[in-house]
Amino acid sequence: MEQKNLEKAAELLAALLTGEPVEAEGGKNAGLYEAYYESGEVSDALELMLKKLNLRVYAYNNALYVSVGERNRVFGYSNEDLKRLMGLRLNKELYLCYYLIYQAAACFYQDSATYNYTEYIRAEDLMEAVNRSLAGMISKLHRFSSETPEEQSFTALALLWDELPVIANEEAQGIRAGRSSKSGFIKLVFNFLVSQGLFTEAQERYYPTSRMHALIRRYFEEEKGRLYELQTQWNKGGENGAAY
């Protein structure tokens, strides 16, 4: 491999890890984007380095993004990290936030074959989606009480969601992020997604960023993962079957 291509791949890696935009047009990193697509040595070297770091590169809308792999303790968050960051105390609260994030992402893809998606969602849209998806789980909890650890987690989050009021008494003057209501949890999750550069907010409408779209498309197209599998299992044969 030529030294200049290795150095270009290292520059590209550094830009992605520091959160700099790597786009086809405009910005100081446009040349790095071109190098990734025009040089097989550059792209191969970058992907090898990312693989060793348990990272993945995603392309979407003429830009490159990086995401951490599963259980990446260096570049990702542990469960304890996320609980501290989001002000949570219990694992079941974190599982609920994970599920809310999953449902928020799912709201934007109605059909994985054509990539039809909604422009934005509101808190009430996510509330409705979660109520709908968990309704079937509540009625089936007795069937899964002694199954896998993941299913026990689903049981815990379904029960937690069912027990929470829609809004807390102290939220009468406005919904605040917190653990005392469904609305509070949704606000907590939206605040986190905005802080991570995955959503932007305008007039209580939440719009996914290009980075979020890149991750959603790769997830539903290639990954899906255990959460998708369990969601499908819970809803199997019902009206609420996953359509993604």
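The values are calculated or read from the model by the stated rules, or taken from the named source; none is laboratory data. Because the structure is predicted, anything quoted here is derived from the model rather than measured. Positions of Cβ are backbone-derived with ideal geometry, glycine not excepted, and every protein chain shown enters the neighbour counts. We work out accessible area using only protein heavy atoms, side chains counted, and drop any ligands, DNA or RNA first. Shrake-Rupley method; radii C 1.70, N 1.55, O 1.52, S 1.80 Å.
Yes or no, residue by residue, for (1) crowded, with 16+ Cβ neighbours inside 10 Å; (2) without any contact (Cβ under 8 Å) to a residue 24 or more places away in the chain; (3) not β-branched (Val, Ile, Thr):
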site: Glu25; (1), (2), (3): no, no, yes
site: Leu32; (1), (2), (3): yes, no, yes
site: Asn54; (1), (2), (3): no, yes, yes
site: Tyr58; (1), (2), (3): yes, no, yes
site: Val66; (1), (2), (3): yes, no, no
site: Ser78; (1), (2), (3): no, yes, yes
site: Arg84; (1), (2), (3): no, yes, yes
- Task: Scan the stretch 107-131 residue by residue and report those that are loosely packed, with under 13 Cβ neighbours inside 10 Å and either over 17 Å from the mean Cα position of the chain (by Cα) or modelled with pLDDT of 85 or more (or both).
- Result: Asp111, Ala113, Thr114, Asn116, Glu119, Glu124
- Message: I'm trying to understand the selection: among the residues of the stretch 1-20, which are touching a strand residue (DSSP E or B) at 6+ places or on another chain (Cβ under 8 Å) and open to solvent by 60 Å² or more (accessible area, probe 1.4 Å)?
- Response: Leu17
